[in-house]
Amino acid sequence: MDDPRLHAWPDLPLCVVIGAGGMGLAVARRLGQHHRLLIADIDQARLDSVKADLGSTGYLVQTQKLDVTDETSVSDLASTVEQDGGFRSLAHVAGLSPSMADWQTIMAVNLRGPALVARHLLPHAGAGSAAVFISSLAGHMVANYEQVSETLSSPLSDDLIGQLESVLGEELNPTLSYQLSKKALNEMVRRLAPAWGEKRARIVSLSPGLISTPMGDLEFKNQPMKFDLLDATPLKRQGNMHEIADGVEFLLSEKASFITGTDLLVDGGIHAALIQRG
Ligand SMILES: NC(=O)c1ccc[n+]([C@@H]2O[C@H](COP(=O)([O-])OP(=O)(O)OC[C@H]3O[C@@H](n4cnc5c(N)ncnc54)[C@H](O)[C@@H]3O)[C@@H](O)[C@H]2O)c1
C-alpha cells in the first residue's frame, strides 16, 4: 500500500557494509539493529537475496553493486552515501582468501579495495563516524615484510603489482599475497588515523583468527596445516561469525570512542600462542 503513514521509520544513522558474504551478513544483521543499512558487494544475486531476507525481517536496507577494485564503482558508492547525508558506521568485510583467486587479484581486492573505500568515504565521515576494516590473523604472521613495506605503503600506486613482482619475483603466490595484503591493510589503518581524526572520526582494523564461515571451511579443505593452527588455538575451537559481529559492533560503538589507528585480534589467542612458541 502507498499510504505514507505505513512507511514511517525510526530516524537511524547510516551504516555501510561492504561485502555480503558469510561474515558481512552476520555483521549487517547485528548493525542493522540500530542503523539503516547500505550493503554493497560485487555479486548482484547475493545482494538481491540479502535484501529480500533482511527487508522481510524488519531491517531498513538498500543495496548497491560494487567492485572495490574499480575506482568509479567506489566513487558511485560514495555518491550514494553523500546523498544520504554521510555515514555513521562503515564495516569493510569484503575479501578473497588464498584459494579464491590468483595473487594479483587477492592483492587488488584485499588492499587496493579498502584503500579506495577509505579514500572515497572519508569525505562523508563526520564527528563520531567510525570505520572497521576486516583484516586477518594472517597479516600478523608474515615474514620479511620490510622488503616490501615501502611499496605496500602506497596501495593506490598504478604499478603496485609490478613493483611487488620486481622485489619478490617467483616467491609470490596467493598465500603470501593474502598475508601481505592483510598486513598492509593493518598498516594503512594506522597511517590513515590522523586524517580520519581531523574529522573526529575513527578507523580501525579487526583481525579474525580461524572463523567458521564458508570461506574458512574452504581454506581447511585446501590447507590441511590449518588443523595445526586449530590445535594450537588456546580456546581449542574456531570462532563464529557472531563473535566477529560482537567485535565489529564494539569497535563501531561509543564504547570504543578512544580507539583508533589500531588492530583488534579476535583469534581465540592463537597469535599469542604462536609468538611464544617462536
Ligand atoms: N572466514 C575466515 O575464517 C576468515 C578468517 C580471517 C579473515 N577473514 C576475512 O573476513 C572477510 C570476509 O570473509 P567471509 O568469510 O565473509 O568471506 P565470503 O567469501 O563469504 O565473503 C566475501 C564477500 O566479498 C565479496 N567480494 C569479493 N570480491 C569483491 C569485490 N571486488 N568487490 C566487492 N565485493 C567483493 C564477495 O562477493 C563476498 O560476498 C575477508 O576479508 C577475509 O579475508 C575470514
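Things to note:
- From helices alone, the chain scores -13500 deg cm²/dmol at 222 nm; the rule is -39500 (n - 2.57) for each run of n ≥ 4 DSSP H residues, then divide by the residue total.
- Among 193-199, 13-19, 61-67, the peptide with the highest mean count of other Cβ atoms within 10 Å heads the list, and the full ranking is 13-19, 61-67, 193-199.
- Part-to-part distance (alpha-carbon centres) for region 118-164 and region 204-278, which is given in Å: 19
- For region 1-79, the spread of Cα coordinates along the three principal axes comes to 41, 26, 22 Å, biggest extent given first.
- Rg ratio for region 12-277: its Cα radius of gyration over 2.2 N^0.38 Å, N being its residue count, equals 0.96.
- Largest-first ellipsoid semi-axes for region 106-198, taking √(5λ) over the Cα gyration tensor eigenvalues, angstrom: 25, 13, 11
- For the chain, accessible area per residue (1.4 Å probe, heavy atoms of protein chains only), Å²: 47
- Relative contact order [Cα under 8 Å, 6+ residues apart], the chain, whole percent: 19
- The relative contact order of region 83-190 comes to 42 percent, based on Cα pairs under 8 Å that sit 6 or more residues apart.
- Each of THR262 and GLN104 was given a label point 7 Å from its Cα along the Cα-to-Cβ line. The distance between the two points is 3.9 nm.
- Here the simple spin-label model places points 7 Å from the Cα toward Cβ, and for LEU12 and GLN276 these points are separated by 4.2 nm.
- Accessible area of the chain belonging to carbon and sulfur atoms, whole % at 1.4 Å probe: 52
- With all protein chains modelled, accessible area of PHE250 [1.4 Å, Å²]: 80
- The 1.4 Å probe gives accessible areas that order THR151, THR175, largest first, as THR175, THR151.
- Cβ-defined net charge surrounding LEU229, 13 Å radius [Lys, Arg +1; Asp, Glu -1]: 0
- When the Cα positions of PHE258, MET141, PRO194 are compared along the charge dipole of region 12-277, PHE258 comes out farthest toward the positive end, with charges on each C-beta of Lys, Arg, Asp and Glu.
- Placing a label point 7 Å from the Cα of MET141 along the Cα-to-Cβ direction, the residues of region 158-191 with a backbone N closer than 19 Å are 172-187.
- Stokes-Einstein D for region 39-192, Kirkwood Rh over Cα pairs, 37 °C, 0.692 mPa s (µm²/s): 200
- Rg(Cα)/(2.2 N^0.38 Å) for region 178-278, N = residue count: 1.20
- Each Lys or Arg adds one and each Asp or Glu takes one away; over the other residues whose Cβ falls under 12 Å from the Cβ of ILE134, this sums to 0.
- Full extension of the segment from GLU150 to GLN83, taken as 0.36 nm per residue of separation minus the current Cα-Cα distance, would add 20.5 nm.
- Span-rule helices in the chain, defined as complete DSSP H runs reaching 15 Å or more along the axis (Cα) with Kyte mean at least 0.0: 241-252
- Surrounding net charge for MET215, when Lys and Arg each add one and Asp and Glu each subtract one, Cβ distance under 15 Å: 0
- Pairwise Cα inverse-distance average, inverted: Kirkwood Rh of region 181-225 (Å): 12.8
- For region 1-108, the relative contact order is 30 percent, taking Cα pairs closer than 8 Å that sit 6 or more residues apart in sequence and dividing their mean separation by the residue count.
The values are calculated or read from the model by the stated rules, or taken from the named source; none is laboratory data. All values derive from a computational prediction rather than experimental measurement. Glycine also receives a Cβ, built like all others from the backbone with ideal geometry; neighbour counts cover every protein chain displayed. For the accessible areas, the whole protein counts, side chains as well, though only heavy atoms, and no ligand, DNA or RNA atoms are used. Shrake-Rupley method; radii C 1.70, N 1.55, O 1.52, S 1.80 Å.
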